[in-house]
Amino acid sequence: MCIFGIITIIGQAMVTQFVLYCNYTLLRGWDNLEVVMKCFIAIVAFDMTVFWSLTLEICGRFYLSSTRLLKSWKLLKFRNKAEAKFMRKFKRRCRPLTIGFEGYRKIKRLCVLKFISNLVKTSVQALLAL
């Protein structure tokens, strides 16, 4: 997952910059662009936003199901004390599987909301800066 984590960090940066550039282009050149070009830029920006939001959502659900699995081990019944002791030690060593870069970022379901709010915030800031 380490390689995929680096790809998600780079991908997020590229998608964010591309969508912001599309939004800025629409805001800045609204009077100069043809109707077809306006529609094309808006659709491409929307598609990229939806695609990346779905990617983050899938990665977040992967993390959520992994944490639920680890929590479900508390409900296991054991035949003897040795087995319970072994499982307790094993559970402590297990961490939830995440997609992200170790020590830098792990993708949870909250990342989708942060991504969308960041896009909206920076688009409004670009609109106000014009």
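The values are calculated or read from the model by the stated rules, or taken from the named source; none is laboratory data. Not measured: the values here are computed from a predicted model. Quick reminder, even Gly has a Cβ in these numbers, built from the backbone with ideal geometry, and neighbours come from all protein chains shown.
Summary of values
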item: Helices (runs of 4 or more DSSP H) completely within the range 17-130 that count 1 or more residues being in contact (Cβ under 8 Å) with a residue 24 or more places away in the chain and over 29 Å from Ile6 (Cα atoms); result: 110-129
item: Filter result for Ser65 (exposed (fewer than 15 other Cβ atoms within 10 Å of the Cβ), within 16 Å of the chain's Cα centre (by Cα), modelled with pLDDT of 90 or more and not charged (D, E, K, R)); result: yes
item: Residue tally, condition surrounded by 15 or more Cβ atoms within 10 Å (Cβ to Cβ) and over 11 Å from the mean Cα position of the chain (by Cα), over the range 97-125; result: 5
item: Within the range 107-130, tally of residues that are within 17 Å of Thr25 (Cβ to Cβ) and touching a Phe, Trp or Tyr at 6+ places or on another chain (Cβ under 7 Å); result: 1
item: Residue that is basic (Lys, Arg) and either surrounded by 14 or more Cβ atoms within 10 Å (Cβ to Cβ) or at pLDDT 85 or above (or both), where the choices are Lys91, Lys38; result: Lys38
item: Hits in the range 94-106 - residues which are of a type in the set (D, E, K, R) and modelled with pLDDT under 80; result: Glu102, Arg105
item: Qualifying residue in the range 22-45 (condition: under 18 Å from Cys111 (Cα atoms) and of a type in the set (A, V, I, L, M, F, W, C)); result: no
